1. Show the residue pairs meeting these rules: Cβ distance below 6 Å; 6+ apart or different chains; first residue within segment 59-82 and closer than 14 Å to ARG117 by Cα; second residue among the β-branched types (Val, Ile, Thr).
2. Working carefully through the options VAL244, VAL216, VAL263, VAL229, find the one that is without any contact (Cβ under 8 Å) to a residue 60 or more places away in the chain, within 30 Å of ARG282 (Cα to Cα) and of a type in the set (Val, Ile, Thr).
3. How many residues are exposed (fewer than 14 other Cβ atoms within 10 Å of the Cβ) and either in contact (Cβ under 8 Å) with a residue 12 or more places away in the chain or over 21 Å from MET147 (Cα atoms) (or both) when one looks only at segment 2-27?
4. Can you find, within segment 102-143, the residue that is farthest from the chain's Cα centre (by Cα) among those that are surrounded by fewer than 18 Cβ atoms within 10 Å (Cβ to Cβ) and polar (S, T, N, Q)?
5. Of all residues in segment 208-266, how many are within 21 Å of THR334 (Cα to Cα) and hydroxyl-bearing (Ser, Thr, Tyr)?
6. From the list PHE83, PHE104, exactly one residue is more than 16 Å from GLU9 (Cα to Cα), in the same structural domain as SER10 (by TED's automatic domain parsing) and assigned to a strand (DSSP E or B). Which is it?
7. Tally up the residues in segment 186-225 that are at pLDDT below 90, in a loop (DSSP other than H, G, I, E, B) and more than 30 Å from LEU6 (Cβ to Cβ), please.
Amino acid sequence: MLKKELWIESFDSALFHFNEPWFAKGSQAKKLASAKDFWGSEGPAGSCARTISQQAFHPFGWSGKAIEDYRDKPQEIAQFACFLRDKSALRRLSGQYKSDQEMFTALEAMDISDLIRELHLWVIRKHAPDGDVSFADLSDGERQLLMVLGLIRVSRGKRALFLLDEPDTHLNPAWQLNYLHLIREWTGVAADAETCQIILTSHNPLTIAALSRDEVRVMTSDDDKTVTVQPPFIDPKGLGFSRVLTDIFGMASTLDQPTQELVDERNGLARRKDLSTDQLLRLQALNIELRSLGFLYEERDKLYSLFLRKMDSVELADVVSLTPDEMKRRDETTNEIAEELLREQ
């Protein structure tokens, strides 16, 4: 996935920037002297920091000014740097742990213990001019994808609940469409269905386009601000992008407003039985314009005109969004009218 989707070939290097934690004691000189021992840190955090230092190229400490908050004045603090220069150093570090989950837990312990100030990571990337780029150079979508998939992957095999609030916001359409597939297949969560649960919110039709109705809950609120949560009346899977917008998200139309206004005007004229000369000319002009946009229905299509007349009582195209009940009623009414007209024909 890293090679195919992100063109990341391999690890290049990493720089761990440590700073004195809240529990560091003594004078500034003493804090600087104890930096190489990570200020007496113990447990998984201290053990991990020392392991990194053992694999690093020329680790060193220094005392420098830093700003924790832009409203504060710079303060002199003891700092320490460890540079993993290549993939071999990373392998020696990871070899100290039984699994990637155990290594992640140790790295997380350092962060929680207030030891890590910054972590700079570089990777070898295909087609990059210099061959290596930093994590910060990746786009928001790429970093978001790595963060979510990485966190789920290192948690596989455990009892876990993931709450993802619109994680697909910065992704391109191709990744949005395959996002849930990547979660299932790449993270291994599909094999942990009994222990690992994911609740994801999204406003993106591409993200849910391959799901069944049992996997989706549509949240709506009425004029009284009462929130209703229920499955859609139809499976998103197989609907296509446009119908997911109309049948799941409740949009009355997927057309832009100017085009929708032309369609509404054409439909209004087409459903009338007696038209004046000016109205006939206008209807003809609308049909020509809409035909150029890919709309092929014309007034002479009698079956479609009959359909429009019968749909007049449930016309909802001018509504901004529909409730689940309105969507269901529109779908049922449309099917009933179509079946009735076909029987008559």
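The values are calculated or read from the model by the stated rules, or taken from the named source; none is laboratory data. Just so you know, these numbers come straight off a predicted model, no measurement behind them. A quick note on method: Cβ atoms are made from the backbone with ideal geometry, for glycine too, and the neighbour counts reach across all protein chains shown.
1. Note: pairs meeting the criteria are ALA66/ILE77; CYS82/ILE52.
2. Among VAL244, VAL216, VAL263, VAL229, only VAL263 is without any contact (Cβ under 8 Å) to a residue 60 or more places away in the chain, within 30 Å of ARG282 (Cα to Cα) and of a type in the set (Val, Ile, Thr).
3. Counting residues in segment 2-27 that are exposed (fewer than 14 other Cβ atoms within 10 Å of the Cβ) and either in contact (Cβ under 8 Å) with a residue 12 or more places away in the chain or over 21 Å from MET147 (Cα atoms) (or both) gives 7.
4. Looking at the filtered set, the residue picked out is THR105.
5. 4
6. PHE83
7. 5
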